[in-house]
């Protein structure tokens with residue numbers, strides 16, 4: 001009887017941190033800034049980001065030192081676009097935002113935050129051929145200021161492009177991936193355990209599960225433990 005009670009205490013204690021973390025996530029979601037209406041008096045800022053299989057862009061504006069979102073867009077890359085260089089993928093993200101947000105952005109100077117300064121070279125280069133020449137022609141009417149993130153901020157820029165974290169607390173929110181002068185200390189994460197009589201659900205939303213080609217905004221999969229049976233997988 002005592003062993004059974006001890007096991008029950010250990011099991012309950014195991015979920016204390018999990019429940020606290022889940023409550024914190026709910027608070028963060030509830031407190032997240034909502035989309036703002038476009039302010040014609042403020043300068044538009046477009047954040048572009050590209051991965052191996054998708055591109056994304058965010059239109060934000062500075063409100064008292066905080067980047068607040070106006071519009072998000074993303075899509076998966078087509079088969080022929082997967083082999084594009086990273087700068088070419090960033091151009092795709094920029095073109096998509098300029099197309100979808102044309103009514104708000106046309107005729108205005110725009111700051112573009114990108115990972116590579118090569119994007120700015122596209123506007124100055126002569127004798128371009130193929131798709132680069134076409135893209136340069138499409139971008140030529142726009143007044144763009146390309147700002148390259150400093151070395152080591154690649155992950156931070158990606159988080160900015162896909163999230164709406166206030167700029168004033170970005171350093172704190174992204175401390176785990178911020179560039180460090182000293183070697184990063186390893187953190188040992190305990191391996192989760194599942195009791196025989198426990199029935200759990202595990203959710204993954206890291207983008208590794210894609211069930212259709214046309215998606216790009218999200219992807220997630222839910223398993224039932226201990227059998228690891230797929231309950232649902234979706235992307236879109």
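Among the residues of segment 39-74, those identified as farther than 17 Å from residue 115 by Cβ and under 12 Å from the mean Cα position of the chain (by Cα) are 72, 73.
Tell me whether segment 20-41 contains one or more residues that are part of a strand (DSSP E or B) and closer than 26 Å to residue 110 by Cβ. No, segment 20-41 contains no residue that is part of a strand (DSSP E or B) and closer than 26 Å to residue 110 by Cβ.
The rows are residues; the columns are (1) closer than 19 Å to residue 76 by Cα; (2) at pLDDT 70 or above; (3) in a helix (DSSP H, G or I); (4) not assigned by TED's automatic domain parsing to the domain that holds residue 70.
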| site | (1), (2), (3), (4) |
| --- | --- |
| 92 | yes, yes, yes, no |
| 127 | no, no, no, no |
| 145 | no, yes, no, no |
| 151 | no, no, no, no |
| 169 | no, no, yes, no |
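The values are calculated or read from the model by the stated rules, or taken from the named source; none is laboratory data. Predicted, not measured: the structure shown is a model, and the values here were computed from it. Positions of Cβ are generated from backbone atoms using ideal geometry, with glycine treated the same way; all protein chains shown enter the neighbour counts.
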